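Single-structure report; data block below.
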Amino acid sequence: MSVFDVRPAVLHDAATIAQIHVDAWKYAYKGLVAEADLQTLSIEKRLAMWREAIEYAEPQVWVACDALQEVVGFVAFDRSRDPKTKATVGEVWALYLKPDCIGLGVGSTLWGAARDACEDEGFTDITAWVFARNELGLRFYDAMGFKREMKTLRTTPVGSQRLEELRVRFKL
């Protein structure tokens with residue numbers, strides 16, 4: 001049993017989600033993403049993005065709350081955005097935690113809730129895209145039972161640079 005409660009996000013959560021998103025990027029991608037790009041991350045832009053996602057449930061956004069009911073992490077998931085993907089493939093669009101909550105079970109709790117919701121929607125596979133040099137993220141997805149699909153390696157623009165990312169897959 002988890003010490004974290006997971007629930008669908010509400011509009012009131014958007015500001016906290018945006019803050020966690022920025023803080024998590026600065027923590028997890030330090031040394032991977034150019035420091036100048038990390039410093040220009042905008043909570044305001046992410047706030048608008050997360051408000052829209054929550055309002056229209058695209059993607060679905062769920063939050064994990066601690067014992068004080070403070071949001072400590074979030075997951076966004078829905079149908080895969082990859083072109084020509086079957087309708088039975090879901091995708092974790094984002095999964096981020098407050099940096100001081102890493103290793104406490106928040107991520108696995110969020111993943112479990114998203115996995116169950118995806119299964120309820122009839123997905124047979126769930127994918128996620130991870131920066132190829134993001135050891136923290138890759139270790140997490142490996143521990144959750146995802147398999148790396150090395151043939152999917154692609155280069156994507158991230159701020160002022162381009163980074164390689166690969167898809168990971170979980171079979172339900």
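Coordinate-derived values only; no laboratory data. As the structure is a prediction and not an experimental result, all values here were calculated from the model. Heads up, the Cβs are rebuilt from the backbone with ideal geometry, glycines too, and the neighbour counts pull from every protein chain shown.
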Problem set entry | Scan of segment 90-110 for residues that are more than 14 Å from the chain's Cα centre (by Cα) and buried (at least 17 other Cβ atoms within 10 Å of the Cβ), ordered by number | CYS101, LEU104
For this session: Among the residues of segment 91-130, write down those that are in contact with a helix residue (DSSP H, G or I) (Cβ under 7 Å, 6 or more places away or on another chain), in a strand (DSSP E or B) and under 19 Å from TRP50 (Cα atoms).
Result: VAL92, LEU95, TYR96, LEU97, ALA128
For this session: Please tell me if CYS118 is surrounded by fewer than 18 Cβ atoms within 10 Å (Cβ to Cβ) and either touching a residue at least 60 places away in the same chain (Cβ under 8 Å) or under 25 Å from VAL10 (Cα atoms) (or both).
Result: no
Problem set entry | Among (1) crowded, with 20+ Cβ neighbours inside 10 Å; (2) more than 26 Å from VAL158 (Cβ to Cβ), the one test that ALA76 misses | (2)
For this session: Sort through GLN60, GLN39, GLN19, GLN69 and tell me the only one that's over 25 Å from GLY112 (Cβ atoms) and either of a type outside the set (Ser, Thr, Tyr) or exposed (fewer than 13 other Cβ atoms within 10 Å of the Cβ) (or both).
Result: GLN39
Problem set entry | Residue count, segment 42-57 (criterion: crowded, with 17+ Cβ neighbours inside 10 Å and either in contact with a Ser or Thr (Cβ under 8 Å, 6 or more places away or on another chain) or among the small types (Gly, Ala, Ser) (or both)) | 1
